[in-house]
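This report refers to the structure that appears directly beneath it.
The values are calculated or read from the model by the stated rules, or taken from the named source; none is laboratory data. Note that the structure is a prediction, hence the values are computed from the model and not measured. We place every Cβ from the backbone using ideal geometry, glycine too, and count neighbours over all the protein chains shown. We work out accessible area using only protein heavy atoms, side chains counted, and drop any ligands, DNA or RNA first. Shrake-Rupley method; radii C 1.70, N 1.55, O 1.52, S 1.80 Å.
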Amino acid sequence: AQSVSQHNHHVILSEAASLELGCNYSYGGTVNLFWYVQYPGQHLQLLLKYFSGDPLVKGIKGFEAEFIKSKFSFNLRKPSVQWSDTAEYFCAAQNGGSNYKLTFGKGTLLTVNP
Amino acid sequence: EAGVAQSPRYKIIEKRQSVAFWCNPISGHATLYWYQQILGQGPKLLIQFQNNGVVDDSQLPKDRFSAERLKGVDSTLKIQPAKLEDSAVYLCASSLSVGGEQFFGPGTRLTVL
């Protein structure tokens, strides 16, 4: 069965610090990968996605993620975080063999202190 | 473009009572999903519809949960009878088609006492 692991439960950073959130998935076939973000009091929204092609994917608000197939990883990065990036971040994987079901990790809460 | 609508936003019930949630997807989206998100965890898919047919309900506890999408547009999710462990946020999402980008609603926070 497909599973997604997020390495950090809660990350606390100061503004301007660099961010990297880890994500690993277990499925061995072709997968689509996503990072979703949930700001306080708001809906889950898509941050970025990887289907194929360039393994370095750029998303909204300066976020990027790198797909490393050999490591089954899709880590999220941002060079300089802002207070407004405080949110919960979810990594998710989707594969065509299971009706494109989306499997989420447990999430990482990011707190950015001003 | 209007987003995914859900109601109610909050619901508090006692165990063994029944409850129903409603979802209206983005207009034109054929695929509709219901997720359960327990505190501290990521969303877990309960059921996926393509138009008014069920694509995947493998993780739906069918002894107490039911869902329908009769006209292929809006959907209801019901729990009867509720248990304490059903306390969670129930999210509805929709996409243009299976495998498409999913757009999420605000969720319904259920508390079972």
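Observations, loosely collected:
- Within the stretch A:23-37, residues that are farther than 8 Å from A:Ala93 by Cβ reach partners that are assigned to a strand (DSSP E or B) and at pLDDT below 90 with beta carbons closer than 8 Å, at six or more positions or on different chains, in the pairs A:Gly29/A:Asn95; A:Thr30/A:Asn95.
Residue-wise test of (1) farther than 30 Å from B:Ser7 by Cβ; (2) within 14 Å of another protein chain (Cβ to nearest Cβ); (3) in contact (Cβ under 8 Å) with a residue 12 or more places away in the chain; (4) of a type outside the set (Phe, Trp, Tyr).
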{"site": "A:Leu47", "(1), (2), (3), (4)": "no, yes, yes, yes"}
{"site": "A:Gly53", "(1), (2), (3), (4)": "yes, no, no, yes"}
{"site": "A:Glu66", "(1), (2), (3), (4)": "yes, no, no, yes"}
{"site": "A:Gln82", "(1), (2), (3), (4)": "yes, no, yes, yes"}
{"site": "A:Thr86", "(1), (2), (3), (4)": "no, no, yes, yes"}
{"site": "A:Gln94", "(1), (2), (3), (4)": "no, yes, yes, yes"}
{"site": "A:Thr103", "(1), (2), (3), (4)": "no, yes, yes, yes"}
{"site": "A:Pro114", "(1), (2), (3), (4)": "yes, no, yes, yes"}
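- Residue match in the stretch B:73-84 (condition: without any contact (Cβ under 8 Å) to a residue 12 or more places away in the chain, open to solvent by 10 Å² or more (accessible area, probe 1.4 Å) and more than 14 Å from the chain's Cα centre (by Cα)): no
- Flag if A:Tyr100 is of a type outside the set (D, E, K, R), over 18 Å from B:Gln41 (Cα atoms) and surrounded by 14 or more Cβ atoms within 10 Å (Cβ to Cβ): yes
- Evaluation of B:Ser66 against the conditions (1) without any contact (Cβ under 8 Å) to a residue 24 or more places away in the chain; (2) within 22 Å of A:Phe104 (Cα to Cα); (3) among the small types (Gly, Ala, Ser); (4) surrounded by fewer than 17 Cβ atoms within 10 Å (Cβ to Cβ) shows that the sole unmet condition is (2).
- The stretch B:10-34, residues that are without any contact (Cβ under 8 Å) to a residue 60 or more places away in the chain and within 10 Å of the chain's Cα centre (by Cα): B:Ala20, B:Trp22, B:Trp34
- Subset of the stretch A:47-57 (residues that are at pLDDT below 95, out of contact with any Phe, Trp or Tyr (no Cβ under 6 Å at 6 or more places or on another chain) and not small (Gly, Ala, Ser)): A:Phe51, A:Asp54
- Wholly enclosed strands (runs of 3 or more DSSP E) of the stretch A:14-93 bearing at least 3 residues open to solvent by less than 60 Å² (accessible area, probe 1.4 Å): A:23-25, A:31-38, A:44-50, A:64-68, A:73-78
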